[in-house]
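Single-structure report; data block below.
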Amino acid sequence: MEKNYYVCTGCGLLCDDIEVESEKNIINKVYTACRVGVAHMKEVRGEAGFRVDNAPVDEATAIREAASILKNAKNPLIFGLGTSTDEAQKLAIELARKTDATLDDTSSFCLGPLVEALLQDKIKTCTLDDVRNKADVIIFWGADPSDSHPRHLSKHSYFPRGSEKQRGWEEERTAIAIDVRKSHTAKICGNYFFQIPPEGDAEFIDALIAALSGKLPKTSYNYPPKKILELANILKGAKFGVIFAGLGLIYSLKDMEPVFRLMKALNEKANFQLVPMVGHYNMRGFNENLYAETGYVNRVKFENGTVKHGPEYSVVESLKAKTVDAALIIGSDPLSSLPRSVSKNLLEIPVISIDPCETLTSKHSKVYINTAISGVESGGSATRMDGIKVSFKPVVETARLSDEATLKKIMEAL
Amino acid sequence: MTNAMELYQMLPKTNCKKCGKTSCMAFAVALMARELTPEDCPPLKEESKYRENYEKLKEIFKPSEGATETGLIVHEDLCFGCGNCVVACPPNVANDPYGVGSGNAPRNVNKLVLTIEDGIVKAQNLEECRRFGKNKILCNGCIVTCPVEAIEFV
Ligand code: SF4
Ligand code: SF4
Ligand code: SF4
Ligand code: SF4
């Protein structure tokens, strides 16, 4: 029997084996998805809506107003897009080009540098299917997939049988957690949990590199050298090792150089790949689409057909310096997620919010367009955290516009 | 939980055999195995001096809400549907190696002990569970793989 599977867009795993029972556009039952995914799919939705200055308007008015904000701005900021389809992201890039906008996404303050390194072939990477089929040593570094990507361990990284891993996780895989706290994932890793102090990652990397070449591993926080040597020994024996790098690791490093060094050292002794723990279902897609278009993964500014890139074009810096004079925010809530000192500057410029959910940002927007939930009410394609392209169809129908359709209409109105 | 010795300490310790067992210790073992319940010891049940212990034992062995034939209970408030237990459960793997055994949606649900429905684990087909029946073993596949201790056997 051929089953009709849906894709869950609840996180960067894009699980593609979800069965849904629905009737009259109401989802009754969801099979195999985790609780995060079920909540994402079953989200209760009010009426579709368009608003200008917090008063309900019709679609045409909202689109016209949005277009006029962008037209009148000298340097609009376009931000978000981590939960938009590839198609919508490409349109947003085109729109940024047309309006001489500054374009950035959340990766600029999280995993952007790692994704960039992967796209530039600076680090060896692999797919989650490789991990399931081959991985024998799995490291969760500053990452807690049990909370952020609930099915990570069961669908890919630890528990499932794979083509070259038929005897099961107890015998054939070692899962290791390196983190500042005993997370749910660390708990599963049992004795292979290495607890380090906050900001201790860079030193731990150096100690581990020393241990890999048989030297005594030293840290200022006196991590027991014996434990690090033990860890190094496990890593040396890896036939197919993988590091899942999370925000905990990224935030504690000044730049990615220690990661490069570690990967080099590991690959001199064993075989290691790295996969960033991308959270939003299509953040990696945004990085890849922008990279294909401009050679950069984020933080760009378009100007008369050319493209500039640099830290000053990040969402944080451009808001701080008040260089942007309008904002188009797609599927993101910077008023909640950015520090107040930065986000408050958003209140001084006209904001267009395109989001399936009412957020703090949408409430403070000049124009709000309530869109379809991407992957539930509208289809498209996206890039999984490991770079695999996934296409999906909507689970239910809606009268709401998708991000893609919204952007297209704004573009036409320009 | 408790062991047979601790249970024994709460019994009358008179070895009167009214329960049909040869001794209070044997009764404790039968309690442990859930063959008998505290009600099956007449002195314990009837004599007021044992009341406190009787209540305690009843509390320990009260049929748990939602407990199944194997004693498996799912704390639905804790479970978040990660599927670790589903994929690690040995009979699940044996009965559906390319479905749940490989981390995917079930291909053959007929004999699966654990599945995920609406984001929460659901137990069924308990005769397949290794803790079931005469040849049961103390499998803990679903316990050690759960990040939040949502599965318990009572
Ligand atoms: S792990 Fe992520 S993609 Fe998979 S079902 Fe859960 S929320 Fe959805
Ligand atoms: S009936 Fe009660 S007191 Fe008598 S032997 Fe059995 S357990 Fe002991
Ligand atoms: S005890 Fe073992 S066989 Fe029974 S449900 Fe848990 S993992 Fe499966
Ligand atoms: S019981 Fe535990 S391991 Fe099983 S799905 Fe729920 S949270 Fe995951």
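Results, tabulated for the structure shown:
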| quantity | calculated |
| --- | --- |
| Close pairs from the range B:97-124: first within 9 Å of another protein chain (Cβ to nearest Cβ), partner in a loop (DSSP other than H, G, I, E, B) and aliphatic (A, V, I, L, M), Cβ under 6 Å, at least 6 apart | B:Pro106/B:Leu112 |
| Test: residue in the range A:115-131 that is open to solvent by less than 50 Å² (accessible area, probe 1.4 Å), among the charged types (D, E, K, R) and touching a Cys at 6+ places or on another chain (Cβ under 7 Å) | no |
| Test: residue in the range B:121-134 that is within 16 Å of ligand 1 (Cβ to nearest atom), aliphatic (A, V, I, L, M) and touching a Leu at 6+ places or on another chain (Cβ under 9 Å) | yes |
| Filter result (polar (S, T, N, Q) and under 26 Å from the mean Cα position of the chain (by Cα)) within the range A:168-214 | A:Thr174, A:Ser183, A:Thr185, A:Gln195 |
| Checking A:Asp17 against (1) more than 9 Å from chain B (Cβ to nearest Cβ); (2) open to solvent by less than 40 Å² (accessible area, probe 1.4 Å), the condition it does not meet | (1) |
| Wholly enclosed strands (runs of 3 or more DSSP E) of the range A:230-344 bearing at least 2 residues open to solvent by less than 10 Å² (accessible area, probe 1.4 Å) and at pLDDT 95 or above | A:241-245, A:272-276, A:300-303, A:326-330 |
| Selection count where residues are surrounded by fewer than 17 Cβ atoms within 10 Å (Cβ to Cβ) and basic (Lys, Arg), scope the range B:123-154 | 2 |
| Test: residue in the range B:60-67 that is at pLDDT below 95, away from chain A (no Cβ under 11 Å) and within 16 Å of ligand 2 (Cβ to nearest atom) | yes |
| Any hit, the range A:116-123, residues being in contact (Cβ under 8 Å) with a residue 24 or more places away in the chain and in a loop (DSSP other than H, G, I, E, B) | yes |
| Residue, nearest to ligand 2 (Cβ to nearest atom), within the range B:1-43, restricted to residues that are in a loop (DSSP other than H, G, I, E, B) and closer than 20 Å to B:Gly71 by Cα | B:Leu36 |
| Residue among A:Ser314, A:Ser332, A:Ser252, A:Ser318 that alone is out of contact with any strand residue (DSSP E or B) (no Cβ under 6 Å at 6 or more places or on another chain) and among the hydroxyl-bearing types (Ser, Thr, Tyr) | A:Ser252 |
| Total residues in the range A:371-414, condition open to solvent by 20 Å² or more (accessible area, probe 1.4 Å), closer than 30 Å to A:Asp121 by Cα and part of a loop (DSSP other than H, G, I, E, B) | 2 |
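Each row is one residue, and each column tells you yes or no for (1) under 30 Å from A:Cys110 (Cα atoms); (2) of a type in the set (Asp, Glu); (3) in a strand (DSSP E or B).
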site	(1), (2), (3)
A:Asn4	no, no, no
A:Cys11	yes, no, no
A:Asp16	yes, yes, no
A:Ala33	yes, no, no
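The values are calculated or read from the model by the stated rules, or taken from the named source; none is laboratory data. This structure is a prediction, so every number in the text was calculated from the model and none was measured. Note: ideal-geometry Cβ built from the backbone for every residue, glycine included; neighbour counts use all protein chains shown. Side chains included, ligands, DNA and RNA excluded: accessible areas come from the protein's heavy atoms. Shrake-Rupley method; radii C 1.70, N 1.55, O 1.52, S 1.80 Å.
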